[in-house]
Amino acid sequence: MEYSEWGPHYRRIAEEFGFPFDAELRSADRLESLLPVPARASPLDRIARRLSGRDVVVVGTAAGAGPPPIWRLPTTAPRAAVMAADGATAACLEGGIVPEVIATDLDGTMPAEVVANGRGSLVVVHAHGDNLPAIDEWVPQFPAELAGSWAGPPRPALIDVGGFTDGDRAVFLAEHVRAHRVLLWGFDFEIPAETETAARERKRAKLAWARRSLDALAARTPVPILTWQRDGTLVPYAGGRYVASTK
């Protein structure tokens, strides 16, 4: 999705949650200043080289999902690419999978993301208004290939092709660079991981927007977006809860 389409949608999200644009801008400026020079060059081209024309398995953090069983996919060329949404990186590594790309706003299991980066994952770091301390702490620790994103008009060094949370932002990115198909593994838009009541309700509201965003994308894109269920079936994305069927 182009920013011209996504921007108005995000402005409604920012208004609902009270995200001040000046805070988004400060984080974006800081991220750009910390990115190594190679990480500022042609971010979309570098991501496209890893994902375009391939089945892209976007891995979320739904309870009990674990790593995707990529051995179930057809062994055709080009092979499937795994893309992890932030905290799902740890589950991927535990399953022996090094993601091609990681989408992160730096609030997941960060040591796992640093390790995956050192093993070959391209990490797309997202700047938003309240993660400036995490940007300062973690961006300098990544040893290998990075790219940057933010919630504003694209810059040469920072992309914005749509998406709100790490999971739907990963899907938007895979769609934008024209994956062959996008397969969602471990997505749940109804049950947040947070346990404290206020944080849980805020996360639930964010997930509702993530679902609406993906609904809109799925309705307009020629790239098939499918939910990969635990029983191995692939069904057209229809939003909602992760199906943990084992039949």
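The values are calculated or read from the model by the stated rules, or taken from the named source; none is laboratory data. Values in this document were obtained by computation on a predicted structure and should not be read as measured data. Positions of Cβ are backbone-derived with ideal geometry, glycine not excepted, and every protein chain shown enters the neighbour counts.
Looking for something within 17 Å of the chain's Cα centre (by Cα), modelled with pLDDT of 95 or more and closer than 24 Å to G18 by Cα - is there at least one such residue anywhere in the stretch 113-124?
no
Could you grab me the full set of residues in the stretch 172-186 that are among the aliphatic types (A, V, I, L, M) and farther than 13 Å from A81 by Cβ? So that I can check it myself, show each step before the final result.
If we filter the stretch 172-186 for residues that are among the aliphatic types (A, V, I, L, M), which is where we start, we get 173-174, 177, 179, 182-184.
The one that is among the aliphatic types (A, V, I, L, M) and farther than 13 Å from A81 by Cβ: L184.
Just one of the numbered conditions (1) buried (at least 19 other Cβ atoms within 10 Å of the Cβ); (2) not in a strand (DSSP E or B) is not true of D231; which one?
(1)
How many residues does the stretch 172-218 contain that are modelled with pLDDT of 85 or more and either in contact with a Cys (Cβ under 9 Å, 6 or more places away or on another chain) or part of a loop (DSSP other than H, G, I, E, B) (or both)?
The total comes to 7.
Kindly list the number of the only condition in (1) crowded, with 17+ Cβ neighbours inside 10 Å; (2) touching a residue at least 40 places away in the same chain (Cβ under 8 Å); (3) in a loop (DSSP other than H, G, I, E, B) that fails for V124.
Answer for V124: the failing condition is (3).
Aliphatic (A, V, I, L, M) and assigned to a loop (DSSP other than H, G, I, E, B): which single residue out of I97, I102, I135 fits that description? Show your work before the answer.
Values: I102 fails: assigned to a loop (DSSP other than H, G, I, E, B); I135 fails: assigned to a loop (DSSP other than H, G, I, E, B).
After applying the criteria, what remains is I97.
So for the stretch 50-61 (the condition being at pLDDT 95 or above, closer than 24 Å to W138 by Cα and either surrounded by fewer than 24 Cβ atoms within 10 Å (Cβ to Cβ) or not aliphatic (A, V, I, L, M) (or both)), does at least one residue qualify?
Yes - at least one qualifying residue is present in the stretch 50-61.
I'd like the residue in the stretch 135-148 that is buried (at least 19 other Cβ atoms within 10 Å of the Cβ) and free of Cβ contacts under 8 Å to residues at least 40 places away in the same chain and, out of all such residues, is farthest from V177 (Cα to Cα).
Checking each candidate, the answer is W138.
Does V82 satisfy the criteria of being in a loop (DSSP other than H, G, I, E, B), in contact with a Cys (Cβ under 9 Å, 6 or more places away or on another chain) and either surrounded by fewer than 16 Cβ atoms within 10 Å (Cβ to Cβ) or free of Cβ contacts under 8 Å to residues at least 40 places away in the same chain (or both)? Spell out how you get there, then give the answer.
Numbers: in a loop (DSSP other than H, G, I, E, B): no; in contact with a Cys (Cβ under 9 Å, 6 or more places away or on another chain): yes; either surrounded by fewer than 16 Cβ atoms within 10 Å (Cβ to Cβ) or free of Cβ contacts under 8 Å to residues at least 40 places away in the same chain (or both): yes.
Taking the combined requirement at face value, the residue does not satisfy it.
Check E113, E5 and return the single one that is surrounded by fewer than 18 Cβ atoms within 10 Å (Cβ to Cβ), of a type in the set (D, E) and farther than 15 Å from A174 by Cα.
Details: E113 fails: surrounded by fewer than 18 Cβ atoms within 10 Å (Cβ to Cβ).
Criteria check complete, one pass: E5.
Scan the stretch 140-156 for residues that are among the hydrophobic types (A, V, I, L, M, F, W, C) and closer than 25 Å to Y3 by Cα and report the count. Let's see the steps before the verdict.
To start, the set of residues in the stretch 140-156 that are among the hydrophobic types (A, V, I, L, M, F, W, C) comprises 142, 144, 146-147, 150-151.
If we keep only those that are closer than 25 Å to Y3 by Cα too, we end up with 146-147, 150-151.
Of the residues in the stretch 140-156, 4 are among the hydrophobic types (A, V, I, L, M, F, W, C) and closer than 25 Å to Y3 by Cα.
Quickly run through the stretch 46-79 and pick out the residues that are within 18 Å of E145 (Cβ to Cβ) and without any contact (Cβ under 8 Å) to a residue 24 or more places away in the chain. First the steps, then the outcome.
Let us first name the residues in the stretch 46-79 that are within 18 Å of E145 (Cβ to Cβ), namely 46-52, 54, 56.
Within the stretch 46-79, R49 is the sole residue that qualifies.
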